[in-house]
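Undergrad: The following block contains the structure, expressed as structure tokens.
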Amino acid sequence: MAIAIAVNGVSMEYKTPKGTTHVLDNVSYEVQDGHFVSIVGPSGVGKTTLLRLLTGLAQPTAGEILVRGKRISSSPDDLAVVLQDYTRSLMPWLSVEKNIALPLKNQKLTKAERKERITASLAEVGLEGAESKYPWQLSGGMQQRVSIARALAVRPSILVMDEPFASVDAQTRFDLEDLVLKVRDDFGITTLMVTHDIDEAVYLSDEIVVLQGKPAKVRDVVKVDIPFPRSQMETRNDARFADLRTHVYGMVRGLE
Amino acid sequence: MRLLNSRIIRFLVGIWLPILLIWWWWTWSADSVDPFFPPLSAIWEQFKFNWIWQYVPIHVFPSLRNLFAGYFIGIFAGVTLGALLGANPRVSRYFEPVIDFLRSIPPVATVPVFILFFGLDAQMRIAAVAVAACFPTLLSTMQGFRATDPTLLDTGKVFRLTPFQMMWKVRVPNASPIIWSGLQVSLQIAFVVTIASEILGSGFGIGAFTTISIDSFMILDAWTGVVLLGLLGFALNVIFDLVERWSLRWYIGQKKLAS
Ligand SMILES: Nc1ncnc2c1ncn2[C@@H]1O[C@H](COP(=O)(O)OP(=O)(O)O)[C@@H](O)[C@H]1O
Ligand SMILES: [Mg+2]
């Protein structure tokens, strides 16, 4: 199978007036095409940092990141992003429709095609007819759906998300988790998600990358051998689910 | 319905004092024989004669043209420069003392300097208005740009927005609540400078008309000029408020929801 993302020996240091913070140390892993991969680790370990490197928002101090074999220097075309803080990543001055349309303006699409994409993306996330609403008129969960729709509308082959469901309530969270699984099925999209919620990582992923330590290294890559389709009711009560989450939890906590 | 009611109430609350003042002026001046304070009724008759519409083309149109030309040039420059400086704090530090110095000069006092450069043409008046209008917008834009949320900029970058989109679809709208307050001050200053610039060496414009009337003891005419300026300034502010509220409806709506 082809490799969508390759992280090769990536290290990252932040230079601050107080000195240098070494955040990532020689991190390497590969994401297979079509896989759902989660990155977990304790708070402050460097998950967001890694994601910023992957999306070209920052450059590693050592190593390289390849997206479909090409070394990235800025945000790769093929990749769309959903950030944690939807209130600050959706533009409050644009309607839902215009928020989604903004990145599409630079793709060679006719007006009708663009409209088509917006309608289809909103339908995919279950927000038909919300085009003319402003983001702040929607609930948190709905806003995050808009973020997902915006990402999908550019038809990326890779979707990257930073703690996308951390600021919504539990029920909405379950709904959104099932939504991203559906999206993955519908589009065969490669998905990379950062989360601090280990249950969520086990529920969604094919593979979990565990970051641990200061500076952070890849502690382990755990294969989640629970078959798809998964369901909130059954998968979370599966014995294998319990085993895996205990295992991952132990590593994140540095107990294993 | 409640919205409508509250609007009507606000209008009624706002209108009674002006009505009272006009009534007071009207009755107080009714029997006036003082040539400098003619009866309001006489001013009103003369006002209708002068400004509906006989002198509008030769005096109101030039003033409005200078005002709008100068204002729009000024705020365009103000937003552009303010954006560049606000987005590059390291560069802006070198310019801030100069800007602070220039904006401290009362704009009306700069008119003679513009006469040196441009003579007594309309260009001089437009240039003076433009420069005066530039500063409040420049400063508010700089301030608005400094506070840009990094998440917003990251979002723009990961969706590969062009620098143009970054500027006009992300940074400017984000700063727009603050920019609008600068635009309003700019409009008020632009109006003052427009009229003041006509006092020197011009036969046309409301400012010129009023000055010439006083100089030739046409007191009634001068009064109609003053009343016209008041009405015009008021109308400009009302229109400005409407445009601002329309443009910031997202911001107003969001704030209402949060409160
Ligand atoms: N721009 C920055 N400058 C300096 N240090 C930073 C910066 N961003 C993050 N860090 C530091 O890097 C470490 C990892 O942060 P982050 O990647 O946000 O962790 P996580 O997302 O796993 O919680 C933290 O110790 C944080 O203080
Ligand atoms: Mg983080």
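Undergrad: Considering the zone a paramagnetic label at A:Thr61 would reach in this model (a point 7 Å from Cα along the Cα-to-Cβ line), which residues of region A:3-21 have amide N under 20 Å from it?
TA: It comes to A:7-21, nothing else.
Undergrad: Please state the relative contact order of chain A as a whole percent: Cα pairs under 8 Å, 6+ residues apart?
TA: 25 percent
Undergrad: Right, something else. Output the antiparallel fraction of DSSP beta bridges having both residues in region A:136-256, as a percent to the nearest 5.
TA: About 55 percent, rounded to the nearest 5.
Undergrad: If you don't mind, there's one more thing I want to ask. Scan region A:6-61 for chymotrypsin sites (Phe, Trp or Tyr not before Pro) in coil per DSSP, keeping those whose Cβ has at most 10 other Cβ atoms within 10 Å, and list them by number.
TA: Those that pass, being in a loop and sparsely packed, number zero.
Undergrad: Under a point-charge model restricted to the Cβ atoms of Lys and Arg (+1) and Asp and Glu (-1), what is the dipole moment magnitude of region A:83-155 relative to its Cα centre, in debye to the nearest 20?
TA: Here the size comes out at about 280 debye.
Undergrad: In chain A, what % of DSSP beta bridges are antiparallel (nearest 5)?
TA: 55 percent
Undergrad: Hey, another quick one. Cα axis of helix A:239-252 to longest principal axis of chain A: angle in degrees, 0 to 90, nearest 10?
TA: Helix A:239-252 sits roughly 70 degrees off the main axis of chain A.
Undergrad: Per residue of A:79-90, how many C-beta atoms from partner chains lie within 10 Å of its own C-beta, taken as a mean?
TA: 3
Undergrad: Here is a follow-up. Report, in debye and to the nearest 20, how large the dipole of chain B comes out about its Cα centre when Lys and Arg carry +1 and Asp and Glu carry -1 on their Cβ.
TA: Its charge dipole is roughly 1500 debye.
Undergrad: How shielded is B:157-170 by partner chains, expressed as the average number of their Cβ atoms within 10 Å of its Cβ atoms?
TA: For peptide B:157-170, the averaged partner shielding equals 5.
Undergrad: Right, next: Of the candidates B:Gly225, B:Gly74, B:Gly203, which one comes out as most mobile in a Gaussian network treatment of chain B with C-alpha springs shorter than 10 Å?
TA: Ranking B:Gly225, B:Gly74, B:Gly203 by mean-square fluctuation puts B:Gly203 first.
Undergrad: Taking the 0 to 90 degree range and rounding to the nearest ten, how far is the long axis of helix B:206-215 tilted relative to the main principal axis of chain B, both from C-alpha atoms?
TA: Rounded to the nearest ten degrees, it is 30.
Undergrad: Rounded to the nearest 500, what is chain A's calculated 222 nm mean residue ellipticity when only DSSP H runs of at least 4 contribute -39500 (n - 2.57) each, over all residues?
TA: -10500 deg cm²/dmol
Undergrad: Right, next: How much mean residue ellipticity at 222 nm does chain B get from its helices, if each DSSP H run of length 4 or more adds -39500 (n - 2.57) and you divide by all residues, to the nearest 500 deg cm²/dmol?
TA: Per the formula, -26500 deg cm²/dmol.
Undergrad: Measure off 7 Å from each Cα along the Cα-to-Cβ vector at A:Asp169 and A:Thr20, then give the distance between these two points in nanometres to one decimal.
TA: Placing both labels 7 Å beyond Cα along the Cβ direction yields 4.8 nm.
Undergrad: Nearest 5 percent is fine: what portion of the DSSP beta bridges confined to the protein assembly as shown is antiparallel?
TA: 55 percent
Undergrad: Let me ask something else. Order these by the 10 Å Cβ neighbour count, fewest first: A:Ser121, A:Ser157, B:Ser41, A:Ser43.
TA: By the 10 Å Cβ count, ascending, the order reads A:Ser43, B:Ser41, A:Ser157, A:Ser121.
Undergrad: Would you tell me the mean number of C-beta atoms belonging to other protein chains that fall within 10 Å of each C-beta in A:126-135, as a whole number?
TA: 1
Undergrad: Report, in listed order, any pair from A:Lys98/A:Lys182; A:Lys47/A:Lys217; A:Lys105/B:Lys157 with a Cα-Cα distance greater than 20 Å.
TA: A:Lys98/A:Lys182
Undergrad: Further question: Roughly how big is region A:10-111's charge dipole about its Cα centre, with Cβ charges of +1 (Lys, Arg) and -1 (Asp, Glu), in debye to the nearest 20?
TA: 420 debye
Undergrad: Could I ask something else about it? Express in whole angstrom the spacing between the alpha-carbon centres of region B:35-79 and region B:210-235.
TA: The two parts, judged by their Cα centres, are 9 Å apart.
Undergrad: Further question: Considering the Cα trace of region B:42-258, what is its radius of gyration and what is Dmax, both in angstroms?
TA: Calculated on Cα positions, Rg and Dmax stand at 20.3, 68 Å.
The numbers here are math on the coordinates, done by the rules we state, and not lab data. Quick caveat: nothing in here was measured; it's all calculated off a predicted structure. Positions of Cβ are generated from backbone atoms using ideal geometry, with glycine treated the same way; all protein chains shown enter the neighbour counts.
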